[in-house]
Amino acid sequence: MAKKRKKKNNQMVRKPLNKKNGLKVFEKKMYEFLRSKFPNESELRFSPMELKIMFIYRIEVPNPVKTEGQNVSSSEMNQIGHLIHKRLREPILLHDGVWYSTIELGLLYCYFWGMNDPKITPQRRMELWQYIGSANNISLSPGQIAEYYVAAFRKTITAISNVRNKIYSLSLRETYCDPKNPALAFGQRICVGYARSKKINIHGKSRLVYRFILPRINDLPWYGYIIAKDVEEIYSGGKEYLDIYIQSHALERMKERLDLLDEEALNYVIYESFLNLQFMVLSGGYVLITIKLFKCKVGYLVANIIDDDFVIRTFLFVTHATTPEGDKLKEICGLGKNDVPYWKIDRLSTFMNVDAEQYPKLSAMFEEAGCGDLFKLHNEEFSVEAMQTANLDGLREYVLKGRMEVEEPVEN
C-alpha cells in the first residue's frame, strides 16, 4: 500500500470545491454584480456552458493561517480574514463614473474570459460586449488582477500593524490548480512581530520612542533605517545606517491633527509614507517627511538625529509655521503663531465638505502657499463618526483685514 505524501510546510493545498454548490454561489454573485453595475432593460442570462467557463477563472481568497511557530490565535486570524474581505469589497477603481471594488473587478475578469472563449459565437460575444458598455476598456490581465488583490492584502496588514503593539507580515502562497480548474487562488500565512521601545534623552528629559518596523508582503517585517549618506548635511557620525525610531508625541500629534482618521487609517498613512518615502533636509538639523492622503500633501513628520538614531519627533500639519507651505502662508496672509490653531486650520476636519468656490480668495492664497491640495480633499470619505466645524467665514474676514504679526515658529 502506497504511503500518503506529506504536505510541505510552505505549501498550502486548496481542497477541491463542490462544483455544484460553488457554481450556484458564483452564478448568484455574477448576476448581482451585473445588475448593480450595468442596469439594462432586459436582464442578461448565461447558458450553463458560459457559467462553467467563467467559473473556472474565479478568484478565491481563503482565510489566512498562521506561520508555523507563530503565536497567533484563531480569533486573531479570523479577524484578519474578515478585514481582508472587507478591504476587497471597498471601491478602488473609478471608470467612466462607476466605482469598482477588487471583488467586482474579479467578477469582471471572469466575464472577460467567458466572453472571449473560442466556444462563444461571434454574435453572442458581441451581445456580451455591448451589455457592459465602456467597462470593456478596463484592462484586466492575470497580472493586473493579481496586483489589485495583493494591494488589498498589503493595505490590510499596514492598517492593523501598530508600532506600539504588533506588526504583521503576510506570506502569499500559490495554491494547487489543475489545468481543468485554473482558478486564481491566494493562500496566506500570517507572521507577527512585537513592538520594540526604549527611552532616549531629549533636551534633558527621558522620552519613550518606538522602533519603526514596516509590515510587508512575502517578506519579514522591515526594521526601518535611513542611509547615512542621504542625510550627510546633518550627520557626521561613523554609522552607515541609522535606525528609525518614532516618538509617542508624533503619534499623538498625527491623531490630533489628522482628526478624521481612525486608528487603522492612521497606521496605513504612516506606513504608506515610508513605502513611498519623500523627505527634505532643513538647514536647522531637521528632516521633514512628507505625509499624503489621496495623493494630497497634508503635513510632515519631523525628525532629527539623536545619538546616531533617526528619531521622528512630531507631526506638523501642512499649514503650520516651520513647514515650507506654512511659512509661505504666513507671508501671504499674515497669519501669526497662534492664528493657525485658533482658526482650526491645523487639522484635517476643517477642510472637509468645504467648497473652494465658496471661498475663492482664501483658496487662492492657500494655493499660492502650496497647500491648495487641502481643498482637493473636499467630500472625500474618511472613517469618522462626527465632523468638526471651523469658522472659515470668520477666517476669511480676518485675513482680508490684512492683519500682520511676526511670531516665533510653532513649537513641536
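Coordinate-derived values only; no laboratory data. Quick caveat: nothing in here was measured; it's all calculated off a predicted structure. Neighbour counts are summed over all protein chains in view; Cβ atoms, including those assigned to glycine, are modelled from backbone coordinates with ideal geometry.
Structure data summary
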item: Given charges at beta-carbon only (K, R positive; D, E negative), |dipole| of the stretch 68-221 in Debye; result: 1100 debye
item: Relative contact order, percent, the stretch 196-317 [alpha-carbon distance under 8 Å, six or more residues apart]; result: 23 percent
item: Spatial separation of Cα centroids for the stretch 253-320 and the stretch 65-113, in angstrom; result: 28 Å
item: Highest average packing first - 108-120, 356-368, Cβ atoms within 10 Å; result: 108-120, 356-368
item: Among 246, 274, 316 - extreme Cα towards positive end, dipole of the stretch 234-382, charges at beta-carbon; result: 316
item: Net charge, residue 211 excluded, C-beta distance under 12 Å - Lys, Arg +1, Asp, Glu -1; result: +1
item: Given charges at beta-carbon only (K, R positive; D, E negative), |dipole| of the stretch 113-168 in Debye; result: 320 debye
